[in-house]
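Data block below; observations after.
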Amino acid sequence: MHPKLGAVHHIGIAVRNLEEAKKIFAGSLALPCVDEKTLSERGVKVAFLSAGNTTIELLEGIGPESAVSKFVEQRGPGIHHLCFEVDGIERVMKELTESGVRLIDEKPRPGAEGRLVAFVHPKSTLGVLVELIEK
Ligand code: ZN
């Protein structure tokens, strides 16, 4: 069985300060900001910038315990994750697990857009955090 990942839905970039990051990506690089929200339960503030067929998700951690804050603390700001669209997220998660890929989430959960998401453990994907999002 081959789990099917679809198109890159978005690229997540961890930043120290969302407003400063928007000045660069929405200002200097002129990528239009299409949405912005605070996800308290996930410990992040996010801004979505439109980039042709994909989206850039800027993430600022809220508080030192946030996973994004820890990432920035350890590695500095930069690319944090890649998100791929999948058709049938629970099935894809099951197939990935069966093929030996470690997942962070045991079950999909609602993501920033309300669509179901789940994360693959970066230890299984050469240090790259991979997010799956239901199509
Ligand atoms: Zn994401």
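The values are calculated or read from the model by the stated rules, or taken from the named source; none is laboratory data. Only a predicted model underlies this, so the values are computations on that prediction, with no experimental measurement involved. Note that each Cβ is placed from the backbone with ideal geometry, even for glycine, and that neighbours are counted across all protein chains shown. All accessible areas refer to the heavy atoms of the entire protein, side chains included, with ligands and DNA or RNA removed. Shrake-Rupley method; radii C 1.70, N 1.55, O 1.52, S 1.80 Å.
Can you confirm whether L39 is exposed (fewer than 14 other Cβ atoms within 10 Å of the Cβ) and out of contact with any Ser or Thr (no Cβ under 8 Å at 6 or more places or on another chain)?
Taking the combined requirement at face value, the residue does not satisfy it.
Is there any pair with a first residue in region 92-121 that is open to solvent by 60 Å² or more (accessible area, probe 1.4 Å) and a second that is at pLDDT 95 or above and within 12 Å of the ligand (Cβ to nearest atom) whose Cβ atoms are under 6 Å apart and which are 6 or more apart or on different chains, and what are they?
Hits for this filter: I104/F119; R115/I133.
I need the full set of residues from region 1-20 which are over 20 Å from V128 (Cα atoms) and within 15 Å of the ligand (Cβ to nearest atom), in order please.
L18
Mind telling me which of the residues A21, A30 ends up being surrounded by 14 or more Cβ atoms within 10 Å (Cβ to Cβ) and more than 15 Å from the chain's Cα centre (by Cα)?
Of the residues listed, the single one that is surrounded by 14 or more Cβ atoms within 10 Å (Cβ to Cβ) and more than 15 Å from the chain's Cα centre (by Cα) is A21.
Take L82 and decide whether it is within 16 Å of the ligand (Cβ to nearest atom), within 17 Å of E134 (Cα to Cα) and surrounded by 18 or more Cβ atoms within 10 Å (Cβ to Cβ).
Yes, satisfied.
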